[in-house]
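To start, the structure itself, in structure tokens.
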Amino acid sequence: CTESPSPIPHGGRRRPPVGEPRARSAMDFDLAAKHKKEVEQRRREAKRKLEQQKRDDEQRRAMEQDHRLREEARLAAEQEARQRAEEEARLNDGVRFVARLRPYPCARSDDKLELPPSALEDLERQGAIERGTLLTFKVSLSMGVAVASAAASGQTHAGVAEFTAEEGTVGVPPRVALCLTKGAGLDTLAAVGQVEVRYFRLPRSAKSRVKFQPRGEGFHTGGARIVNMDLEHVLQESLRGHTALTEGDWLPIRHDGYTYELVVRELEPEPHLALLDTDLTVEVLPSERTEAEQRAEEERQAREEAAAREAAERERQRLERARALALQLGPEPEAGADVVQLRVRLPSGAQLARRFPRTAEFRQCLTWMESEPDTHVCPDAFRLVQKWPGHCRELGPVEASETLSKLQFSRQEALFLQHLGGDREATKEPSPDEMTTQPAEAAAAPQPSAPGNRNCEWTAAVERAHEELDARLEGRPETPSAALREQSLQEVKGAELAGVFERLRALGMPPQEAAATAKKFAPQLRELGEMGFQNWVQAARLLEKYGGRLVRVANLLSEGAGEDDDMADLPLPRALSPPRASPATPPTPAVAAPLARPAPQAIDKDAVHAKFRELIAAGVPKEEAATQAIVLVRQAAAAASAPPAAASPEAGAPAAVG
């Protein structure tokens, strides 16, 4: 049999199964939960994107702000540089010269630099030489160079002695080096790659004033013995030849073989001045050690006065409080069986007595102690001690709420007042280390001072400068620093001078220039000719450029500076060589007298170069190496060209000396 189909309800719709509504409800719930989850996920994603956008906007604004600040700083720096350049041009009449040069020591006792010839050419091109103004420069350590002393500014002002330094270098006297490095020591410049030299026209004043302060212990040796010196004479000789002074400079002075250093603390009317045609008033301040001691004494007195004022104020407040507490105690009870008579012995030996009821709390006894002016106690900073042989009990704030009866006080009780010492800690005296506060610069700079020995070149320059200064102080004949290395040349005159003139004319120099050059540099030219340098025209130009310094010119010529080979083989003038008959004109009479010394043969320049480098490698200074190389090569050439000595008739017999 077959199952009959379920009846269709009225209306044509089939009735759903019994469990279908429940399944549909579960499906709708899942869909709703899924939708809710998707909405929540979209909301979180939108929130994340919004936060990310906010962060990006903040980062972009920060970057824009940083870029704007950097741009403003760059523009401000450029503006400041332009203003500084304009101000510098205004002060220097439009002359601008800045060079970073490698420093080397030069043995001078003044503050004048040795600059390269290119500096002179640059200044001449800008008209600084034609104005006839004093050439002064600002010298400073290059950026990034640190010095030991925090007070070291790393800059000073100086003049110029000559333009003879090697290109890219600058000769720095020990005095200028000391102003640059200060407490770091002269050897600091040995590690410095460059110093900045800037043209700076210093102001001048008819009257100026300077305040010097001796470093360290001042004019004392060992901190005890006072050095007696004619300070006015020493300062005059020390500042003779100086070009400039700058606030913060260190000026070394000499006395009896010791070096004492003065610091320029104040300079008027300007912080940097040119020492030319000025009436300089000098004031010497107390030494750094004395100033530190005076400052420590003033600080100690100030502390004592402040402590005294604080103590007086505390005493006033204590007395006011004591009067107020005395009013709180009320009247003293009459003697009786329920009354305790207290006697308190003070640390000073005095005694205080008062009666209290037995029912009174011990707090009243403490208040009584604070109300007595003679006790000098502070709240909670004292104890009342009950003591007899075999018994000792301290009574204080812990027992304040107990009655005298509970404390088992008898009718008469003797107590001792004991200070806890808390106030003593507040008013203790400062230690000697706290009272003696000296600047580290004064404590770390013993006097007299001496140069360091780590760098022999700077040490040698300092010693030579000291020798020159000592000679001036002692009144001995003074030899210029540059002339110490020059040879003493014999004066040329008469026929020899005419021979030099003829030589210069033969080399093509105009007559007037040849006459002036022969008169000025005849000894140097003759000496250079004996060394083998035949181009006297170029030698004369170098002598004029370097102030007649023979060693300097010989050094340059030995290195081939400006040597023209096509002029080296020109014929000697008649005063220096035998006359030759000209085919076009009849011979003319020669000069009456020949030169005393004949012209030598040309020297082997390659050998001179090799010997010069060898001497430099051996540690010989350049100024001496050039001359020594030429002399040694000439001696070797003379020994090689000398004829061999005749053999003795008897083997082993000594040669006769005639």
Using a Cα-Cα cut-off of under 24 Å, which lysines could be cross-linked to Lys406, ignoring same-chain neighbours fewer than 8 residues away? Lys387
If amide hydrogens are placed 1.01 Å from N in the peptide plane, which non-local residues have theirs closer than 5 Å to the one on Leu420? Phe382, Arg383
Convex hull (Cα only) mean projected area of segment 82-122, reported in nm² to one decimal: 4.1
Hey, what do the phi angles of segment 61-75 turn into as Karplus ³J(HN,Hα) couplings, whole Hz, using 6.51/-1.76/1.60 and θ = phi - 60°, x for Gly and Pro? 5, 5, 5, 5, 5, 5, 4, 5, 5, 5, 5, 5, 5, 5, 5
Stokes-Einstein diffusion coefficient for segment 201-339 at 25 °C in a medium of 0.890 mPa s, Rh from the Kirkwood formula over Cα pairs: what value in µm²/s? 122
Mind grabbing the accessible area of Asp256 for me, 1.4 Å probe, Å², rounded to tens? 130
Excluding Arg74 itself, what net charge comes from residues whose Cβ is under 14 Å from its Cβ, given Lys and Arg +1 and Asp and Glu -1? -2
Quick P(r) readout (segment 340-386; Cα-Cα; 5 Å bins; whole %) gives 5, 19, 36, 26, 12, 2, 0
Surface/4 of the Cα convex hull for segment 172-255, nm²: 7.3
For segment 193-202, in order, what is each residue's ³J(HN,Hα) by Karplus, 6.51 cos²θ - 1.76 cosθ + 1.60 with θ = phi - 60°, in whole Hz (x at glycine and Pro)? x, 8, 10, 9, 10, 10, 5, 8, 7, 6
Which cross-chain or sequence-distant (5 or more) residues have an amide H under 5 Å from the amide H of Glu162, H modelled 1.01 Å from N in plane? Leu115
Is the shape of segment 65-146 rounded, prolate or oblate, going by the alpha carbon gyration tensor and its root eigenvalues a ≥ b ≥ c, with a/c under 1.5 for rounded and a/b larger than b/c for prolate? oblate
Under a Cβ-only charge scheme (Lys and Arg +1, Asp and Glu -1), can you give me the dipole magnitude of segment 268-376 about the Cα centre, in debye to the nearest 20? 1680
Pull up the cross-link candidates among the lysines for Lys545, meaning alpha carbon to alpha carbon under 28 Å and not fewer than 8 places away within one chain. Lys112, Lys138, Lys493, Lys519, Lys520, Lys605, Lys611, Lys622
Under a 5 Å amide H to amide H cut-off, with H placed in plane at 1.01 Å, what residues pair with Leu285 once short-range neighbours are removed? Phe212, Gln213
Karplus-derived 3J(HN,Hα), 6.51/-1.76/1.60, for each residue of segment 263-278, Hz, glycine and proline x: 10, 7, 7, 9, 9, 10, x, 10, x, 8, 9, 8, 8, 9, 6, 10
Along principal axes, Cα extents of segment 30-166, largest first, whole Å: 101, 34, 27
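The values are calculated or read from the model by the stated rules, or taken from the named source; none is laboratory data. On a predicted model such as this, the values are computed, not experimentally measured, just so you know. Glycine also receives a Cβ, built like all others from the backbone with ideal geometry; neighbour counts cover every protein chain displayed. Ligands, DNA and RNA are stripped out before the accessible areas are found, and what is left, the full protein with its side chains, is counted by its heavy atoms. Shrake-Rupley method; radii C 1.70, N 1.55, O 1.52, S 1.80 Å.
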